[in-house]
Amino acid sequence: MSAADARLVLGIETSCDDTSVAVLEDGRTLRAHLIAAQDVHKLYGGVVPELASRAHLELLPKLVSSALAEARIEPRELTAVAVTRAPGLVGSLVVGVAFARAYALALGIPAIGVNHIEAHLHAGALEHGESPLPAVALVVSGGHTELVEVLGFRRYRWLGSTRDDAAGEAFDKVAKRLGLGFPGGPIIDRLAKEGRRDAFDFPRPMLDQPGFEFSFSGLKTAVATALAPHGEPPYDGTLVRDLAASFQAAVVDTLVAKSLRAVQHTHARALNLGGGVACNRELRERLALACAERGVVLRIPSPRLCADNAAMVAQIGAWSLAAGEVPDPELDATASLEASGLPLAASA
Ligand code: KG4
Ligand code: ZN
């Protein structure tokens, strides 16, 4: 197939608690991009997998109709359907994959399975074009903290992941412990602006160890220990702001230091960010400064493209078609990253 065959790709993302649909033209022009956040999970302080699957089932057909209407195209004009197949909540993935397969079958077009992490690590290309190579990508979300060396499309080397909680998960858990809402990241980000980042001396986990692994569960425990003398929420406003600022500083210090270490180790020309935590103000500012000092190109997508979205999924589908890859007719969903078929070699 040639790039022309990727003319109009319908992207579908249902890996967690956002239902999203996009129409991407020629691999770069977004004709429509809809993201429906499922507010139901706020009631429970976290994502409830069963409710997420049901909500995807209800929202997906409506979003596809709305996206096609917004793009002013008929279903028969579509070239392919690209859908997240892994990793994620398996019940949520199955809804998207089953829908995509049926929709594509009815139209006689291919359904392409996309790896969610691969989609995140190239999301910035939608706005700025492909980054210089080699690049290092940091994908930080509610489910993942991954550092990957990007040598090209489909050419990656895994550098490191988290040993326990993902960065976003740590934000969410700390926010919950502080009696704040869900998702916790944006709330802590906002409160941290008014707090003192040196009010509490929290650990910078794994910074003293070589390599690119992360660990955030100890930090969560450190926050709980600091709160112990104060009982249960609600807490004094200054205490919450100082804790938010000190906790965020510890996470950001760790993410920045390990990313820069990876850039140095791989002689990367660019650093690509993706995932919901990439919306974090302090992380963005610190990396902007550090990359400018080192002459490294920093690619951080706008917040809508950092979080889970179908545009990044459609983009990988378009690239896959353009590369002449033959979609698997037995496409299925899988929760695990290892089994998801992303062509990754272990880190050297
Ligand atoms: O990529 P995403 O939308 O979904 C997943 O794949 O998980 O990321 C959601 C995560 C949540 O943990 C949320 O708290 C976090 O991203 N997040 C943030 C910010 N905005 C979202 N974390 C820190 N600062 C933010 N501004
Ligand atoms: Zn994600």
Would you list the helices (runs of 4 or more DSSP H) that sit entirely within the stretch 235-348 and hold 3 or more residues that are modelled with pLDDT of 95 or more and of a type in the set (D, E, K, R)? 237-266, 281-294
If you go through Phe247, Phe214, the only one that is within 15 Å of ligand 1 (Cβ to nearest atom) and within 20 Å of the chain's Cα centre (by Cα) is Phe214
Can you tell me which residue among Lys42, Lys62 is free of Cβ contacts under 8 Å to residues at least 12 places away in the same chain, in a helix (DSSP H, G or I) and among the charged types (D, E, K, R)? Lys62
Restricted to the stretch 156-179, and to residues that are among the acidic types (Asp, Glu) and in a loop (DSSP other than H, G, I, E, B), which residue is farthest from the chain's Cα centre (by Cα)? Asp164
Restricting to the stretch 107-132, what's the tally of residues that are polar (S, T, N, Q), within 14 Å of the chain's Cα centre (by Cα) and closer than 17 Å to Ala268 by Cα? 0
Within the stretch 160-217, residues within 16 Å of ligand 2 (Cβ to nearest atom), closer than 19 Å to Gly237 by Cα, touching a Pro at 6+ places or on another chain (Cβ under 8 Å) and not acidic (Asp, Glu) come out as Phe171
Options Gly168, Gly211; residue that is crowded, with 21+ Cβ neighbours inside 10 Å and within 30 Å of Ala268 (Cβ to Cβ): Gly168
Filter the stretch 138-157 for residues that are in contact with a Leu (Cβ under 9 Å, 6 or more places away or on another chain) and under 16 Å from Asn309 (Cβ atoms); the one that is nearest to ligand 1 (Cβ to nearest atom) is Gly143
Please state which one of Thr254, Thr225 is free of Cβ contacts under 8 Å to residues at least 60 places away in the same chain, among the hydroxyl-bearing types (Ser, Thr, Tyr) and closer than 30 Å to Val296 by Cα. Thr254
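The values are calculated or read from the model by the stated rules, or taken from the named source; none is laboratory data. The model shown is predicted, which means the values in this text are computed figures rather than measured ones. Neighbour counts run over all protein chains shown; Cβ positions are idealised from the backbone, glycine included.
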